[in-house]
Amino acid sequence: MELLFFSPGSFLFIFIIAVILFNSIKIVNQYERGVIFRLGKVLGAPREPGLNIVIPIIDKMIKIDIRTLTFDVPAQDIITRDNVTLKVNAVVYFRVIDPLKAVNEVENYLFATSQLAQTTLRSVLGQVELDELLSRREMLNQKLQQILDSQTLHWGIKVSNVEVKQIDLPPDMQRAMARQAEAERERRAKVIAAEGEYQAASQLGLAAQELTKNHLSLSLRYLQTLKEVSQSQNNSVIVFPFPTELLKFISELQPPTTNTKKDS
């Protein structure tokens with residue numbers, strides 16, 4: 001029976017071959033694309049998901065995530081066009097559509113996109129007034145998205161959406177806006193009350209015209225009001241309207257008084 005013996009050099013050779021084979025196998029996930037550099041030059045189109053073979057030492061693979069990424073823009077100090085200082089933060093949704101450009105055109109596309117988003121947020125929101133920033137947020141979101149998308153397109157990046165998350169107002173401005181809202185509500189309440197008085201006066205005028213057509217209708221209205229008052233609960237005092245025409249009739253029945261002068 002013969003035994004096979006391997007020298008230390010043979011073990012070293014087998015180990016090197018195993019390491020080379022292990023490093024030559026690259027697995028690309030479904031949400032990734034692999035950009036191959038061979039001796040410093042880009043090798044064709046990006047590698048598709050699955051098992052890929054590269055040449056160790058000569059080839060270098062960079063994996064690019066093509067999923068939609070979310071970047072939270074930190075709160076930025078912004079001075080609006082009407083000189084109001086506030087803090088605004090936003091969120092940016094973007095993804096890589098061209099892995100070759102994302103690797104070759106910019107050093108770090110994540111950092112570059114984040115810095116561009118912060119700068120664009122300050123410049124765009126600084127051109128509008130506070131009322132426009134609060135009321136037309138959807139329009140500003142679309143404007144921010146268009147600007148970022150146009151500037152990052154040559155990096156192979158597509159900005160799909162930009163949303164302004166939160167606007168932090170100074171306490172003095174919050175109190176001023178609260179007073180303004182309260183005054184606006186009071187104005188609306190007064191206008192509504194005035195409109196109600198106008199409509200009520202108009203209807204009372206029409207009712208008075210109908211009552212003047214028949215004198216008995218006014219008496220019936222008196223009796224109906226007396227009935228409603230008497231039927232109310234916990235009623236101890238009844239106020240009955242007395243027609244002034246009756247007072248005038250009674251005064252006419254009284255004989256006129258004459259003043260007599262005594263002879264001195």
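Rule-based calculations on the coordinates, nothing more; no lab input. On a predicted model such as this, the values are computed, not experimentally measured, just so you know. Using ideal geometry, Cβ is built from the backbone for each residue, glycine included, and neighbour counts are taken over all protein chains shown.
Quick notes on this one:
- Counting other Cβ atoms within 10 Å as a rough exposure proxy, the listed residues Thr80, Thr119, Thr113, Thr70 run Thr70, Thr119, Thr80, Thr113 from fewest neighbours to most.
- Placed amide H near Leu69: partners under 5 Å, 5+ positions off or other chain: Phe94, Arg95
- The fewest-to-most ranking of Tyr109, Tyr31 by surrounding Cβ atoms within 10 Å reads Tyr31, Tyr109.
- Estimated FRET transfer efficiency (Ala75, Gln30; beta-carbon r; R0 35 Å; 0.05): 0.45
- Estimated FRET transfer efficiency (Arg136, Ile62; beta-carbon r; R0 35 Å; 0.05): 0.25
- All Cα-Cα separations within segment 16-65 were binned at 5 Å from zero, giving a P(r) of 5, 23, 30, 23, 13, 4, 0, each value a whole percent of the pairs.
- Once the chain from Leu12 to Lys213 is taken as fully extended at 0.36 nm per residue, the excess over their C-alpha distance is 59.9 nm.
- Filter on Lys63/Lys87; Lys63/Lys158; Lys63/Lys143; Lys60/Lys101 - keep pairs with C-alpha separation over 25 Å: Lys63/Lys87; Lys63/Lys143
- Sorting Glu48, Glu132 by the number of Cβ atoms found within 10 Å of their own Cβ, with the fewest placed first, yields Glu48, Glu132.
- Theoretical gain in end-to-end length, Leu220 to Ala189 [0.36 nm per residue, Cα-Cα removed]: 7.5 nm
- Nearest-0.05 FRET efficiency for Leu204 and Lys165, computed from C-beta distance (R0 35 Å): 0.05
- Remark: spin-label model distance Lys41-Thr85 equals 5.7 nm, labels positioned 7 Å along the Cα→Cβ axis.
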